[in-house]
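Let me begin by presenting the structure, written as structure tokens, before commenting on it.
The values are calculated or read from the model by the stated rules, or taken from the named source; none is laboratory data. This one's a predicted model, so the numbers in the text were calculated from it and none came from an experiment. Cβ coordinates were reconstructed from backbone atoms using ideal geometry, including for glycine residues, and neighbour counts include every protein chain displayed. When the accessible area is computed, the model is the full protein with side chains, heavy atoms only, and any ligands, DNA or RNA have been set aside. Shrake-Rupley method; radii C 1.70, N 1.55, O 1.52, S 1.80 Å.
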Amino acid sequence: SIRENDVVFCSGPSGSGKSFIAAGIASSDLHKDDIDKVIITRPLVCTGKDIGSLPGGILDKIAPYLMPMQEHFKYFLGQVYYGHYFNNDKICYKPLEVMRGSTFHDSFMILDEAQNCTIEQIKMFITRMGENSKVLINGDIKQTDIKKTSGLLACIDRLDGVRGVGISRLHYEDIQRNGIIGRILEA
């Protein structure tokens, strides 16, 4: 679906590989010079209790939220290549909350944990897409931490069948972590 479409929505349970696949394909495209940069974001929503204000600059504040994606990119690229791409702004972590007005050309844009986004946030993210770019939006619609209706679910429902938009649905049997996770989530 990622190869065949410009915008892809991927939903599925924890551990089914949504973020891992996104990082793998983005790493490959970056390494082959098919794209110029990877843009990674996610909503800054805590699970359960709020952790309060974090110290430091903007990247320091979002670093804990983006650590899982960083680990995926290091897995696919190795520490040296990851460091090279990151230090040369080829892998960029951007807060979703400050993206309005940006345009990303020749980019692979990833919105991770999108079950915690509103439809307005997802719409804003998609409309940052420039020429020769791909957008991948993923999340687990059964694990939303926001009180509003998940924008991910709304977009999947509304955009299914739109030319250039792919919808990928992963299930419990797709879980790649410990096998008990699927049984627990299903129960």
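Here are the numbers for the structure shown:
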{"read-out": "Qualifying positions in segment 144-169 - modelled with pLDDT under 90 and either under 11 Å from residue 11 (Cα atoms) or touching a strand residue (DSSP E or B) at 6+ places or on another chain (Cβ under 9 Å) (or both)", "value": "150"}
{"read-out": "Scan of segment 80-104 for residues that are open to solvent by 80 Å² or more (accessible area, probe 1.4 Å) and either at pLDDT below 95 or part of a helix (DSSP H, G or I) (or both), ordered by number", "value": "80, 81, 84, 87, 97, 98, 100"}
{"read-out": "Meets criteria (open to solvent by 60 Å² or more (accessible area, probe 1.4 Å) and free of Cβ contacts under 8 Å to residues at least 12 places away in the same chain) for residue 177", "value": "no"}
{"read-out": "Failed item in (1) open to solvent by less than 50 Å² (accessible area, probe 1.4 Å); (2) touching a residue at least 40 places away in the same chain (Cβ under 8 Å), with residue 150 passing the rest", "value": "(2)"}
{"read-out": "Residue check for residue 110: aliphatic (A, V, I, L, M), within 17 Å of the chain's Cα centre (by Cα) and either modelled with pLDDT under 95 or open to solvent by less than 60 Å² (accessible area, probe 1.4 Å) (or both)", "value": "yes"}
{"read-out": "Residue list for segment 154-174, filter: closer than 30 Å to residue 129 by Cβ, open to solvent by 60 Å² or more (accessible area, probe 1.4 Å) and without any contact (Cβ under 8 Å) to a residue 60 or more places away in the chain", "value": "157, 158, 160, 161, 162, 163"}
{"read-out": "Filtered residues of segment 12-43 (kept if at pLDDT 95 or above and hydroxyl-bearing (Ser, Thr, Tyr))", "value": "27, 28"}
{"read-out": "Residue satisfying condition, being farther than 21 Å from residue 29 by Cβ and in contact with a His (Cβ under 9 Å, 6 or more places away or on another chain), within set 182, 139", "value": "182"}
{"read-out": "Number of the exception - residue 8 against (1) open to solvent by 20 Å² or more (accessible area, probe 1.4 Å); (2) at pLDDT 90 or above; (3) outside any helix (DSSP H, G or I)", "value": "(1)"}
{"read-out": "Of all residues in segment 105-146 being outside any strand (DSSP E or B), touching a residue at least 24 places away in the same chain (Cβ under 8 Å) and hydroxyl-bearing (Ser, Thr, Tyr), the one that is farthest from residue 74 (Cα to Cα)", "value": "118"}
{"read-out": "Residue count, segment 116-138 (criterion: open to solvent by less than 10 Å² (accessible area, probe 1.4 Å) and on the phi > 0 side of the Ramachandran plot)", "value": "0"}
{"read-out": "Qualifying residue in segment 103-120 (condition: over 21 Å from residue 3 (Cβ atoms) and touching a Cys at 6+ places or on another chain (Cβ under 8 Å))", "value": "yes"}
